[in-house]
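The values are calculated or read from the model by the stated rules, or taken from the named source; none is laboratory data. For clarity, every value in this text was computed on a predicted model and none was experimentally measured. Here Cβ is always computed from backbone atoms with ideal geometry, including for glycine, and neighbour counts include all displayed protein chains. Quick note on the areas: whole protein, heavy atoms, side chains included, nothing else; ligands and nucleic acids left out. Shrake-Rupley method; radii C 1.70, N 1.55, O 1.52, S 1.80 Å.
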Amino acid sequence: MLKNKHIILGITGGIAAYKSAMLLRLLVKAGAEVQVVMTPSAKEFITPVTLSALSGKPVVSEFFSANTGEWHSHVDLGLWADAMVIAPATACTLAKMATGVADNMLVTTYLSAKAPVFVAPAMDLDMMAHPTTTRNLQTLQRDGVAIIEAEAGELASHLVGKGRMAEPETIVAALESYFAKSEQWAGKDVLITAGPTYERIDPVRFIGNFSTGKMGYALAEEAAKRGANVMLVSGPVSLKAKHPNITVVSVESAREMHDACVQAWPAADLAIMCAAVADYAPAEYHHKKIKREGHEVPVIELVKNPDIAAALGQSKREDQVLVGFALETDNEQANALDKMRRKGLDFIALNSLKDADAGFGVDTNRVTLFAADGTSTELPFGTKAEVASSILNHINL
């Protein structure tokens, strides 16, 4: 999967830099074209001569060559790459990446990269466990950076714990897995809904729910990162889509979301109904604000909104995949399976409001994925970005 791929290998100043030579050798052996970018401190641990000999390319470390004045364009490097992997990634470099401190060639290249970025952290166990490092890794993950987890073992300090850079073979496997997924998803058309819907009562009031859209936006980013063309039909949220492969269609009401989805569905390979759509809307819209003073308490009559997932399920072709979400408060599994059957879904992702670290507003999720063939999988607990990746891993297009 790495043959003829353009890979930027970023190396920072940590003792694990010695492993980067083996990583570089494995990447080249797999057929990749590798450009090494080092931080100045990385040269204290491994020489540019060694890395240049292994890659067949001059190593880039400074913004320009001291002897010739030749400028090294981080922008050109960012456009050239199919992937960027930083291994080892020290606590210092992770902090600079998370906050945009562009004071060396490696971080400016990261900020210019259009391709997916992977980091393999390496540091002592206390630094690894520090809240600052945890926060920086979470920030990078939200920004779309893939974290190749550090491993536990004996460290340079001779302490034992988590902080060892992942082995070169593990890092290569992560890159191969990414490109394999990209091949499957490249050019596919994916429809995703996200966020709440607002059903207007009058010009200042509405019926809605507490959805923030985080799960739907995470799914959209993950699908786009894998090469899909994503239409994200979004209710009112404060989030912004980041990936250029995502087209956002902003809607407010369930009927607007229904119409947008029905129109887009015939051209889609996959639809994921992640939005928290209001089941009901006021039967009457009051064009002026309903006043409290001098009026009886209003009675708001409700009417059913159209069922978007069911509408798509009724017209689904054999070559299309339809995924729904179920957020339940009781009889979770029975209600989810019934919903999947009634709406003609291929999969349904179930989470529960009983879990404080899942559902509306939080950055993490707990999901059990049920398939129409009767199988079920409890996905690993994680950030919504990680859960989005796990969900898409179970879908074959």
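Hey, any hits in region 184-207 for a residue that's hydrophobic (A, V, I, L, M, F, W, C), within 17 Å of the chain's Cα centre (by Cα), farther than 30 Å from D126 by Cβ and open to solvent by 20 Å² or more (accessible area, probe 1.4 Å)? Yes: region 184-207 contains one or more residues that are hydrophobic (A, V, I, L, M, F, W, C), within 17 Å of the chain's Cα centre (by Cα), farther than 30 Å from D126 by Cβ and open to solvent by 20 Å² or more (accessible area, probe 1.4 Å). The residues listed here are M273, M231; of these, the one that is open to solvent by 60 Å² or more (accessible area, probe 1.4 Å) and within 21 Å of the chain's Cα centre (by Cα) is M231. Scanning for something closer than 23 Å to A268 by Cα, assigned to a helix (DSSP H, G or I) and in contact with a helix residue (DSSP H, G or I) (Cβ under 8 Å, 6 or more places away or on another chain), does region 341-360 turn up at least one residue? Looking for residues that are closer than 23 Å to A268 by Cα, assigned to a helix (DSSP H, G or I) and in contact with a helix residue (DSSP H, G or I) (Cβ under 8 Å, 6 or more places away or on another chain), one finds at least one in region 341-360, hence yes. Does S55 satisfy being open to solvent by less than 30 Å² (accessible area, probe 1.4 Å) and modelled with pLDDT of 95 or more? The answer is yes for S55.
Check region 3-16 and report whether any residue there is over 27 Å from G163 (Cα atoms), at pLDDT 95 or above and under 26 Å from the mean Cα position of the chain (by Cα).
So the first thing to find is which residues in region 3-16 are over 27 Å from G163 (Cα atoms), and the list is 3-6.
Add one more test, that the residue is at pLDDT 95 or above, and what stays is 5-6.
Checking which are under 26 Å from the mean Cα position of the chain (by Cα) leaves us with 5-6.
Yes.
Applying the condition of being at pLDDT below 95 and aliphatic (A, V, I, L, M) to region 297-332 and asking which residue is farthest from V262 (Cα to Cα) yields V297. Scanning region 322-342 for residues that are within 19 Å of N209 (Cβ to Cβ) and free of Cβ contacts under 8 Å to residues at least 60 places away in the same chain turns up G324, A326, L327, E328, T329, D330, E332, N335, A336, K339. Considering only region 99-127, how many residues are open to solvent by 20 Å² or more (accessible area, probe 1.4 Å), part of a helix (DSSP H, G or I) and out of contact with any His (no Cβ under 8 Å at 6 or more places or on another chain)? Final tally of qualifying residues: 5.
Cβ-Cβ distances below 7 Å connect the following pairs, each with a first residue in region 203-214 that is within 21 Å of A241 (Cβ to Cβ) and among the hydroxyl-bearing types (S, T, Y), a second residue that is open to solvent by 60 Å² or more (accessible area, probe 1.4 Å) and modelled with pLDDT under 95, and a separation of six or more residues or different chains: S211/F360; T212/F360.
Only residues that are in a loop (DSSP other than H, G, I, E, B) and acidic (D, E) were counted in region 158-180, giving 1. If the condition is being in contact with an Asp or Glu (Cβ under 6 Å, 6 or more places away or on another chain) and open to solvent by 60 Å² or more (accessible area, probe 1.4 Å), then region 243-270 contributes only A267.
Can you tell me which residue within region 145-157, out of those that are within 27 Å of N393 (Cβ to Cβ) and part of a loop (DSSP other than H, G, I, E, B), is most open to solvent (accessible area, probe 1.4 Å)? Please lay out each step first, then the result.
At the first step, the residues of region 145-157 found to be within 27 Å of N393 (Cβ to Cβ) are 145-152.
Checking the rest, the ones that are also part of a loop (DSSP other than H, G, I, E, B) come to 145, 148-150.
Working: V145: 9, I148: 16, E149: 96, A150: 11 Å².
So the residue we want is E149.
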